[in-house]
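J.: I am attaching a structure below and will ask some questions about it afterwards.
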Amino acid sequence: MKTIISPSILSADFANLERDVKAVEKAGADWIHIDVMDGHFVPNITIGVPVVKSLKKITHLPLDVHLMIENPQDYVQAFRDAGADIITFHYEAVDDVLKVVDLIKSTGAKAGLSIKPKTKPEEILEFLNELDLVLVMTVEPGFGGQEFMHDCAQKIPLIKQNAKNDLIIQVDGGITNITGHICTSLGANSLVAGNYIYKSDDVAQAIKALKG
Ligand code: DX5
Ligand code: ZN
């Protein structure tokens, strides 16, 4: 499977989102990663449903929505209605993982499950067959521009060994051409990158480097 590159618009200029989304689309991005934070699950507040709805009108790329919020089940339908194609929620934020996965799938979106750095991969193996995507966080969720945690990438092989062939294994946090390569070598097939892409002088070159 070709590596799916999903630029995180958290590192874009929020006053120029259309420009910055179109820039990565033109540069060869596969998806657009949208970080939704509620100030409860993580100590930061970002964007929500109205922004997803507006972005849907200006890009053809699938919208990869990463929910870092409590009670994600209460917002799944609204994000789907706004145009989310992939909806990823956190294992640590819910009591009943499969219930939320089923809800996401019932809307027609792809369902993703994410784990924070301190969560062991063994805890989610039982859900892998029901998922379209697993997101391994390689920083504590909440902010862009943090340093990649190498230990977290070591979770990837176990997930890969237990996954069906078409499971998308995504990593997010501190991804560069170097750390991205480490993750794809370990079995990841989707890379989220914020600062590495948006703070580079040549966005197209950065995306090309991530594709390897
Ligand atoms: C962190 C977010 C990431 C973040 C990635 O909580 O989920 O998507 O924006 O940014 P970089 O690539 O700069 O670490
Ligand atoms: Zn993210």
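The values are calculated or read from the model by the stated rules, or taken from the named source; none is laboratory data. Since we're looking at a predicted model, the values are computed, not measured. Backbone-built Cβ (ideal geometry, glycine too); neighbour counts: all protein chains shown.
J.: How many residues, within region 149-173, are part of a loop (DSSP other than H, G, I, E, B), more than 10 Å from ligand 2 (Cβ to nearest atom) and touching a strand residue (DSSP E or B) at 6+ places or on another chain (Cβ under 9 Å)? Quick ask: steps written out before the conclusion?
T.: The initial filter retains those residues of region 149-173 that are part of a loop (DSSP other than H, G, I, E, B), namely 149, 154-155, 163-167, 173.
Checking the rest, the ones that are also more than 10 Å from ligand 2 (Cβ to nearest atom) come to 149, 154-155, 163-167.
Imposing the further condition that a residue be touching a strand residue (DSSP E or B) at 6+ places or on another chain (Cβ under 9 Å) reduces the set to 149, 155, 163, 167.
Residues in region 149-173 being part of a loop (DSSP other than H, G, I, E, B), more than 10 Å from ligand 2 (Cβ to nearest atom) and touching a strand residue (DSSP E or B) at 6+ places or on another chain (Cβ under 9 Å): 4 in total.
J.: Which one is nearest to ligand 1 (Cβ to nearest atom) among residues in region 14-29 that are of a type outside the set (A, V, I, L, M) and free of Cβ contacts under 8 Å to residues at least 40 places away in the same chain?
T.: Result: 14.
J.: Could you list, in sequence order, the residues of region 114-132 that are within 14 Å of ligand 1 (Cβ to nearest atom) and of a type in the set (A, V, I, L, M)? Lay out the reasoning, then the answer.
T.: Applying the first criterion (within 14 Å of ligand 1 (Cβ to nearest atom)) to region 114-132 yields 114-117.
Result: 115, single match.
J.: Filter region 172-190 down to residues that are on the phi < 0 side of the Ramachandran plot, within 9 Å of ligand 1 (Cβ to nearest atom) and surrounded by 24 or more Cβ atoms within 10 Å (Cβ to Cβ), then give me how many there are.
T.: Kept after step one, since they are on the phi < 0 side of the Ramachandran plot, are these residues of region 172-190: 172, 175-186, 188-190.
Still in the running and within 9 Å of ligand 1 (Cβ to nearest atom): 172, 175-176.
This time we only want the ones that are surrounded by 24 or more Cβ atoms within 10 Å (Cβ to Cβ), so: 172, 175.
Adding up the residues that qualify gives 2.
J.: Can you name the condition, by its number, that residue 1 falls short on among (1) of a type in the set (A, V, I, L, M, F, W, C); (2) modelled with pLDDT under 95; (3) buried (at least 20 other Cβ atoms within 10 Å of the Cβ)?
T.: Here residue 1 clears every test but (3).
J.: Among 175, 182, 159, which is the only one that is within 25 Å of residue 19 (Cα to Cα) and aliphatic (A, V, I, L, M)?
T.: On the way: 182 fails: within 25 Å of residue 19 (Cα to Cα); 159 fails: within 25 Å of residue 19 (Cα to Cα).
Result: 175 is the single residue among 175, 182, 159 that is within 25 Å of residue 19 (Cα to Cα) and aliphatic (A, V, I, L, M).
J.: In addition: Say we look at region 36-63 and pick out the residues that are within 10 Å of ligand 1 (Cβ to nearest atom) and without any contact (Cβ under 8 Å) to a residue 60 or more places away in the chain; which of these is nearest to residue 116 (Cα to Cα)? Outline the logic, then answer.
T.: Looking only at region 36-63, we keep the residues that are within 10 Å of ligand 1 (Cβ to nearest atom), and these are 36-37, 42, 44, 46.
From what is left, the residues that are without any contact (Cβ under 8 Å) to a residue 60 or more places away in the chain are 36, 46.
Numbers: 36: 15, 46: 18 Å.
Filtering region 36-63 for residues that are within 10 Å of ligand 1 (Cβ to nearest atom) and without any contact (Cβ under 8 Å) to a residue 60 or more places away in the chain, the one nearest to residue 116 (Cα to Cα) comes out as 36.
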